[in-house]
There are 2 protein chains.
Amino acid sequence: MGQELVLYGYWRSSAAYRVRIALNLKGLPYESEAVHLVNQGGEQHLPDFQALNPQELVPCLIDNGQVFTQSMAIMEYLDETHPEPPLLPSDAAGRARVRALSQVIACDLHPLGNLRVLQYLTSQLGVDDATKGVWSRHWISLGLQAMESMLTGNVATGRFCHGDTPTMADACLVPQVYNAVRWKLPMDGYPTIQRIHDACQSLVAFQRAVPEAQADAPAPV
Amino acid sequence: MGQELVLYGYWRSSAAYRVRIALNLKGLPYESEAVHLVNQGGEQHLPDFQALNPQELVPCLIDNGQVFTQSMAIMEYLDETHPEPPLLPSDAAGRARVRALSQVIACDLHPLGNLRVLQYLTSQLGVDDATKGVWSRHWISLGLQAMESMLTGNVATGRFCHGDTPTMADACLVPQVYNAVRWKLPMDGYPTIQRIHDACQSLVAFQRAVPEAQADAPAPV
């Protein structure tokens, strides 16, 4: 039997990291294709990849030859085609909450710290590295503050973002915390996020998805 | 019978505009609450609104006292609670495509031109108005180019983004085109987007959702 699912990703991409978590939570085996993202000359801009995803962004999932893009759309697709264990609760209000928590990260927070945006800040606006750090920490802290309020102020929050089993919201949260730590944002202002993050990291599905565990990650020095 | 649905929005907010389209497509009556978004002193930062949405962003939908945030999560919620007419196709691959098209706009394009980001460019990075225009047009054109490729290169594209009835993707596309025109981006490079936009604008549901038709829009001069 051939490998049906192929994930085009990059070890450090938050969006690819989300999909790895979702695939692992579902127990779905997949083949990884690394797309080495770098400024201008990155593999995301090669014609072969551009043909798969005109946005020239990872992740991109191939399921039996069909191409799927956008991490949240991919996770919803996996949830519809492989319902167990679910990545969304069964009630409409709960599903809306999990989607909103995911979108706080995927729409309002993560895009502002994306590689291509940081690259634009440098090349077009002449922003130096220190100021890029301030920019990144500003948007990450704003998003995580909102997330922390939404989590602490709601009885639906459990061991994970919504109840006691991981959902799409956790698959978005953990890569964002990874990213926050990378930008040296102090995490002590977000106790609920930290607690949920730690609960996630105790699961093999999350452990196997970490950037450093990927084949295309650089060897530790 | 009291009004069940209350939409907190702002006439020119793209994200609120999306939800107005979705509500109109569903034929759902709703009450509008205007949240006047301005720099620093905007009503989105008032404690009463912050209690509804810790993100201090519109839109925010109240359904029988329950609060829902994030425009795409709200549209999915409306689609689950009021299935007819559907905002998503019935097959998993089609649903993934509509969600991905929506997310190209809602995740990768729109957040970069949001009020709070433009405000940061001015106040923290000293960017002038002309350069902010270049910034906005850069991200809008990049997103619309990807969208145009995804639409023209796919047989599932019909009179609308996906098939011959409007979906969530159209509800995201039309406000983004409005925004592009506001930033004076020439639209002639996007013939498929323009054609779909015009098809949408022929529908009353879209006409009634335009910013200038909202009660909080300034009177024409």
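The values are calculated or read from the model by the stated rules, or taken from the named source; none is laboratory data. Computed from a predicted structure; not experimentally measured. Cβ: placed from backbone, ideal geometry, glycine included. Neighbour counts: every protein chain shown.
Could you tell me which of the residues B:Val35, B:Val67, B:Val6, B:Val19 is within 18 Å of B:Val174 (Cβ to Cβ), in contact with a strand residue (DSSP E or B) (Cβ under 9 Å, 6 or more places away or on another chain) and either in contact (Cβ under 8 Å) with a residue 24 or more places away in the chain or outside the structural domain of B:Pro111 (by TED's automatic domain parsing) (or both)?
Numbers: B:Val35 fails: within 18 Å of B:Val174 (Cβ to Cβ); B:Val67 fails: within 18 Å of B:Val174 (Cβ to Cβ); B:Val6 fails: within 18 Å of B:Val174 (Cβ to Cβ).
Matching residue, one of B:Val35, B:Val67, B:Val6, B:Val19: B:Val19.
Given the condition part of a helix (DSSP H, G or I) and either among the charged types (D, E, K, R) or farther than 23 Å from B:Ala100 by Cβ (or both), answer yes or no: does some residue in segment B:142-162 qualify? Spell out the reasoning first.
Kept after step one, since they are part of a helix (DSSP H, G or I), are these residues of segment B:142-162: B:142-152.
Narrowing further to those that are either among the charged types (D, E, K, R) or farther than 23 Å from B:Ala100 by Cβ (or both): B:148.
Yes, segment B:142-162 contains at least one residue that is part of a helix (DSSP H, G or I) and either among the charged types (D, E, K, R) or farther than 23 Å from B:Ala100 by Cβ (or both).
Here are B:Ala171, B:Ala156: which of them is in the same structural domain as B:Arg97 (by TED's automatic domain parsing) and in contact with a strand residue (DSSP E or B) (Cβ under 7 Å, 6 or more places away or on another chain)?
Values: B:Ala171 fails: in contact with a strand residue (DSSP E or B) (Cβ under 7 Å, 6 or more places away or on another chain).
Exactly one residue qualifies, and that residue is B:Ala156.
Starting from segment A:120-135, take each residue that is over 16 Å from B:Gly126 (Cβ atoms) and more than 8 Å from every other protein chain (Cβ to nearest Cβ) and list its partners that are surrounded by 13 or more Cβ atoms within 10 Å (Cβ to Cβ) and aromatic (Phe, Trp, Tyr), counting only C-beta distances under 9 angstrom and pairs at least six apart or across chains.
Cβ pairs passing all conditions: A:Gly133/A:Trp183.
Restricting the search to segment B:77-87, which residues are more than 10 Å from chain A (Cβ to nearest Cβ) and under 18 Å from the mean Cα position of the chain (by Cα)?
Across segment B:77-87, the qualifying residues are B:Pro86, B:Leu87.
Looking only at segment B:70-88, decide whether some residue is of a type outside the set (A, V, I, L, M), outside any helix (DSSP H, G or I) and touching a helix residue (DSSP H, G or I) at 6+ places or on another chain (Cβ under 6 Å). Explain how you work it out, then say what you get.
So in segment B:70-88, the residues of a type outside the set (A, V, I, L, M) come out as B:70-71, B:76-77, B:79-86.
Filter once more, keeping what is outside any helix (DSSP H, G or I): B:70, B:82-86.
Narrowing the set further to residues that are touching a helix residue (DSSP H, G or I) at 6+ places or on another chain (Cβ under 6 Å) leaves B:70, B:82.
Yes, segment B:70-88 contains at least one residue that is of a type outside the set (A, V, I, L, M), outside any helix (DSSP H, G or I) and touching a helix residue (DSSP H, G or I) at 6+ places or on another chain (Cβ under 6 Å).
Would you confirm whether any residue within segment B:204-212 is surrounded by 15 or more Cβ atoms within 10 Å (Cβ to Cβ), at pLDDT below 95 and small (Gly, Ala, Ser)? Break it down into steps so the answer makes sense when it comes.
The first filter runs over segment B:204-212 and keeps only residues surrounded by 15 or more Cβ atoms within 10 Å (Cβ to Cβ), leaving B:205-206, B:209-211.
Restricting the remaining residues to those that are at pLDDT below 95 gives none.
Among the residues of segment B:204-212, not one is surrounded by 15 or more Cβ atoms within 10 Å (Cβ to Cβ), at pLDDT below 95 and small (Gly, Ala, Ser), which makes the answer no.
When the residues of segment A:27-57 are narrowed to those that are within 14 Å of chain B (Cβ to nearest Cβ) and within 30 Å of A:Leu88 (Cα to Cα), which ends up nearest to the chain's Cα centre (by Cα)?
To start, the set of residues in segment A:27-57 that are within 14 Å of chain B (Cβ to nearest Cβ) comprises A:44-45, A:47, A:49-57.
In the following step, the residues that additionally are within 30 Å of A:Leu88 (Cα to Cα) were identified as A:52-57.
Numbers: A:Leu52: 20, A:Asn53: 18, A:Pro54: 20, A:Gln55: 17, A:Glu56: 17, A:Leu57: 13 Å.
Looking at the filtered set, the residue picked out is A:Leu57.
Among the hydroxyl-bearing types (Ser, Thr, Tyr), buried (at least 16 other Cβ atoms within 10 Å of the Cβ) and within 12 Å of another protein chain (Cβ to nearest Cβ), is that true of B:Ser149?
yes
So is B:Arg97 of a type in the set (Lys, Arg) and either within 8 Å of another protein chain (Cβ to nearest Cβ) or not in a loop (DSSP other than H, G, I, E, B) (or both) or not? Let's see the steps before the verdict.
On the way: of a type in the set (Lys, Arg): yes; either within 8 Å of another protein chain (Cβ to nearest Cβ) or not in a loop (DSSP other than H, G, I, E, B) (or both): yes.
In short, yes.
If a residue must be within 17 Å of B:Tyr17 (Cα to Cα) and facing chain A (nearest Cβ under 7 Å), how many such residues does segment B:100-111 contain?
Counting residues in segment B:100-111 that are within 17 Å of B:Tyr17 (Cα to Cα) and facing chain A (nearest Cβ under 7 Å) gives 5.
Any chance you could count how many residues in segment A:163-188 are among the charged types (D, E, K, R) and part of a loop (DSSP other than H, G, I, E, B)? Let's see the steps before the verdict.
As a first pass, look at segment A:163-188 and keep what is among the charged types (D, E, K, R): A:164, A:170, A:182, A:184, A:188.
With the extra rule that they be part of a loop (DSSP other than H, G, I, E, B), the set shrinks to A:164, A:184, A:188.
Result for segment A:163-188: 3.
Report every pair of residues separated by at least 6 positions or lying on different chains whose Cβ atoms are under 9 Å apart, first residue within segment B:198-221 and more than 21 Å from B:Leu7 (Cβ to Cβ), second charged (D, E, K, R) and outside any helix (DSSP H, G or I).
Matching pairs, first to second residue: B:Ala199/B:Arg159.
Test A:Gln70 against the stated conditions and say whether it is within 8 Å of chain B (Cβ to nearest Cβ), exposed (fewer than 15 other Cβ atoms within 10 Å of the Cβ) and either within 25 Å of A:Ala180 (Cβ to Cβ) or among the polar types (S, T, N, Q) (or both). Walk me through it before giving the result.
Working: within 8 Å of chain B (Cβ to nearest Cβ): yes; exposed (fewer than 15 other Cβ atoms within 10 Å of the Cβ): no; either within 25 Å of A:Ala180 (Cβ to Cβ) or among the polar types (S, T, N, Q) (or both): yes.
Answer is no for this residue.
Considering segment A:118-136 alone, what residues qualify as being over 17 Å from the mean Cα position of the chain (by Cα) and either closer than 25 Å to A:Phe206 by Cβ or of a type in the set (Val, Ile, Thr) (or both)? First the steps, then the outcome.
Let us first name the residues in segment A:118-136 that are over 17 Å from the mean Cα position of the chain (by Cα), namely A:118-135.
Residues satisfying the conditions are A:Thr122, A:Val127, A:Thr131, A:Val134.
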